[in-house]
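The values are calculated or read from the model by the stated rules, or taken from the named source; none is laboratory data. Values in this document were obtained by computation on a predicted structure and should not be read as measured data. For neighbour counting, all protein chains shown are included, and Cβ atoms are generated from backbone atoms with ideal geometry for every residue, glycine included. Just the protein is used for accessible areas: all its heavy atoms, side chains included, with ligands, DNA and RNA removed. Shrake-Rupley method; radii C 1.70, N 1.55, O 1.52, S 1.80 Å.
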Amino acid sequence: MTTTAYIGQSINRTDGPAKVKGDAKYAFEHHVDNLAYGFVVSSAVARGTIRRIDATAALGLPGVLQVLTHENTPRVSPSKAEIPDEAKSPGTPFIPLQDGDVRFSQQPVALVVAETLELARYGASLVHVEYDVAEHTTDLDAVLEQAHKPKPRFGLEAVPKPRGEAKRAFGEAAVQVDAEYRVPAEHHSPMEPFATTAIWESDEHITVYDKTQGVQNVRDYLCTLFGCEEDQLRVRAPFVGGAFGLGLRPQYQAFLAVLAARVLKRPVKLALTRQQMFSLSYRPIAWQHVSLGASTDGKLEAIMHEAISDTSRFEDYCETIVPWTGMLYQCDNVTLKYKVASLDLNTPCDMRAPGAAWGLYALECAMDELAASLHIDPLELRLKNYAERDQNESQPFSSKALRECYHQAAMRFDWSRRNPTPRSMRNGDTLIGLGMATGAWDAFQVRASARCVLKADGTAIVSSATEDIGTGTYTVMTQIAADTLGVPLDRVTFELGDSSLPRAPLEGGSFTLASVGSAVKSACEKVRERLFALAQKTDDSPLADVSLDDVTFTDGHVRMRHEPSRSVSFVDAMSQTRTKTIDKTVSERPSPKRKKISCYTHSAIFAEVHIDEDFGTIHVPRVVTAVTPGYPVNPKTARSQVMGGIVWGIGMALEEESVIDHAFGRFMNHNLAEYHVPVNADVHDIDVIFVEEQDHIVNPLGVKGLGEIGIVGVAAAIANAVYHATGKRIRDLPITLDKVM
Ligand code: MOS
């Protein structure tokens with residue numbers, strides 16, 4: 001991949017100034033006249049039915065406009081099975097206020113709409129709900145035996161086929177590791193809460209500002225539920241303050257805001273409180289069992305990995321926890337199993353590196369346990385079992401620079417200083433631990449489209465209905481468009497977050513750069529072709545007798561590649577041919593070259609922990625990670641993504657846990673005071689190394705998405721460092737000081 005003017009450069013965010021100045025408006029910040037405000041009443045019980053709901057007191061307040069409940073809300077869709085949602089789970093999606101059933105604690109049971117937010121909130125406190133309470137179960141351990149095989153999601157099997165005879169090989173292996181790992185629910189907790197402003201002008205004209213990772217997904221969903229046409233309801237999300245997967249599915253506040261707007265025939269806005277954010281989905285609770293068998297020289301002879309994660313009673317959320325285990329290491333005897341167990345909780349959903357974050361935590365801890373049993377260095381164990389091919393699919397990788405990641409990160413971290421004996425490294429009362437792990441994530445590409453409009457003044461508007469959830473989409477797409485067109489960066493405006501733009505997939509799966517970026521490149525190439533044809537038609541064109549292959553597009557000119565002074569400016573080409581705009585829309589599919597090839601991104605993580613011997617407090621002074629980006633389009637935004645993933649990995653290892661009180665069936669720490677995430681004092685040196693790969697198969701840009709890989713393996717590296725520091729294996733996250741003591 002050759003470096004061009006902008007691709008490969010650490011360009012500052014094009015949307016940065018708007019965000020810093022406060023010009024970037026989020027879903028709740030769009031003000032129009034005559035707004036009404038909604039406030040959600042949340043269920044106080046985990047399971048049951050609403051016996052009586054009394055809104056008299058709320059409705060008696062001057063300024064309260066309406067209280068919507070299941071008793072007065074129109075039924076929205078005749079057949080729920082047909083409700084579109086690109087990120088749906090098999091089952092019956094929850095739509096609020098459609099019946100009196102309570103499926104999970106904090107489920108929305110009423111919506112109060114009032115002239116002001118304060119009044120709506122006060123009104124909500126006066127809505128009196130009586131329940132016929134049913135028995136609930138929210139403890140995964142209590143239902144492990146009743147787990148069932150989930151239906152596939154996205155048509156993907158959660159479990160690759162077994163190979164060899166893992167059980168027998170494990171029994172015969174000279175060295176065995178057999179361990180169970182437990183992980184809690186985690187809530188996404190993006191800084192911007194979920195909110196919607198539904199600007200109602202008529203039932204045929206509604207603009208919805210929503211917090212989402214998929215404007216068209218929400219548009220399609222709402223249009224189906226409310227029976228309107230695609231051009232009657234427009235969804236916009238120009239700025240999104242973090243989402244992490246929670247915005248992949250339409251969330252209930254969007255439905256409620258549009259419902260209220262249609263009922264009241266006026267604009268309505270609605271935001272969830274931080275507490276109510278814990279009523280949305282979460283990373284599932286999971287139990288895992290990993291068995292590894294190896295020869296005395298450290299060759300893996302058997303791998304068995306079994307996982308059970310929770311789901312709701314109304315949908316099967318399927319988490320791809322175990323496939324990575326069959327892919328990451330060379331081993332001929334592998335059995336992977338996965339089931340879900342239903343609880344009286346909301347359906348879990350994707351959260352940054354869904355499946356891999358949990359699965360590779362367990363596998364990479366088990367690998368560390370195996371290394372300790374074998375008295376082999378943990379890094380050496382990985383290298384001994386390095387997979388040159390993807391054995392799950394029995395096919396090669398498009399590229400895999402993991403070996404180089406191990407090497408560069410180990411050097412940077414100075415792994416060789418590690419004394420292999422646990423509790424052997426200390427500084428006074430501080431135990432020092434060094435641990436490492438491997439990470440992997442898909443390098444997906446999915447179908448996406450983009451439009452490029454070049455104007456006669458040499459400026460371009462490039463667009464696609466994708467999102468920028470803080471990842472840098474605006475910036476990288478602008479870079480790709482500017483380079484491909486051959487114009488300065490400030491001549492390109494990239495538009496996104498609008499359902500009326502060309503079709504784009506959800507902003508997720510780390511596939512936006514690869515998918516939408518490839519479409520942007522392709523649309524700009526189509527514009528170039530047209531420009532070239534126009535440049536040939538100018539008076540005495542110096543390019544009249546050359547072909548497209550002979551020219552470049554740089555600095556606003558079509559130029560002869562080997563004789564750059566022979567050129568026609570874009571402005572001349574267009575003005576002389578009386579062309580006002582060149583307008584091309586392209587839909588780009590994944591290349592057929594990807595068939596029979598596995599495309600992944602990999603990482604190697606090294607972590608240092610300092611643990612106070614008396615108090616058990618854990619600090620993470622340093623994390624070094626080496627990641628394969630294919631080619632980094634913008635090293636600055638790329639590094640930010642990986643750093644964010646590592647920070648979350650620290651939280652996953654040491655802090656994050658949504659604690660359920662099973663007596664109430666409710667997440668009890670539903671606020672950011674008690675749901676702990678890493679803050680500045682918890683985050684120290686983070687070193688990100690990019691190990692580039694020349695990958696001509698993965699996509700036309702040769703890029704691999706980096707939104708998710710940063711988190712994968714971090715919790716394992718830290719857990720392994722905690723073992724090295726203390727000699728104690730803690731197999732349930734988070735590793736808090738009480739478990740260390
Ligand atoms: Mo990601 S969990 O696909 O937003």
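Here are a few things to note about the model shown:
- Cα-centred dipole magnitude for the chain, charges only on beta-carbon of K, R (+1) and D, E (-1), debye, nearest 20: 1180
- Of interest is the spacing of the C-alpha centroids, which for segment 664-734 and segment 424-485 amounts to 17 Å.
- Potential lengthening between Leu548 and Met560 on full extension [0.36 nm per residue; Cα-Cα distance subtracted]: 3.4 nm
- Nonpolar atom fraction for segment 412-454, defined as the carbon and sulfur part of the 1.4 Å probe accessible area, stands at 44 percent.
- Residue separation of Asp139 and Lys537 scaled by 0.36 nm, minus their Cα-Cα distance, works out to 136.0 nm of gained length.
- Taking all protein chains as they are arranged and a probe of 1.4 Å, the heavy atoms of Lys526 leave approximately 90 Å² accessible to solvent.
- Cα gyration tensor shape of segment 260-329, rounded if a/c is under 1.5, else prolate or oblate by comparing a/b with b/c: prolate
- 10 °C / 1.306 mPa s Stokes-Einstein diffusion coefficient of the chain, Kirkwood radius on C-alpha pairs, µm²/s: 58
- His619 paired with Glu692, simple spin-label distance in nm, labels 7 Å along Cα-to-beta-carbon: 3.7
- Each peptide in 308-318, 90-100, 716-726, 541-551 receives the mean, over its residues, of other Cβ atoms within 10 Å, and ordering these scores from highest gives 716-726, 308-318, 90-100, 541-551.
- Förster-model FRET efficiency, 30 Å R0, His375 and Thr430, C-beta, rounded to 0.05: 0.75
- Model label points for Glu229 and Ser416, set 7 angstrom from Cα along the Cα-to-Cβ axis, are 7.2 nm apart.
- Sequence-distant residues sharing a close amide H with Ala110 (under 5 Å, placed H): Val41
- Heavy-atom accessible area, probed at 1.4 angstrom with all protein chains present, ranks Arg219, Arg491, Arg262 as Arg491, Arg262, Arg219, highest first.
- Summarising the strand pairing of the chain, around 80 percent of its internal DSSP beta bridges are antiparallel.
- Charge tally in the Cβ shell below 12 Å around Glu192, where Lys, Arg are +1 and Asp, Glu are -1, Glu192 excluded: +2
- Segment 105-138-segment 1-50 distance, computed between alpha-carbon centres (Å): 26
- Maximal additional length on extending the Arg447-Ser591 stretch stands at 50.9 nm, based on 0.36 nm per residue less the C-alpha distance.
- Most to least packed among 450-461, 609-620, 529-540 [average Cβ atoms within 10 Å]: 450-461, 609-620, 529-540
- Gyration tensor (alpha-carbon) shape descriptor, segment 1-127, a/c threshold 1.5: oblate
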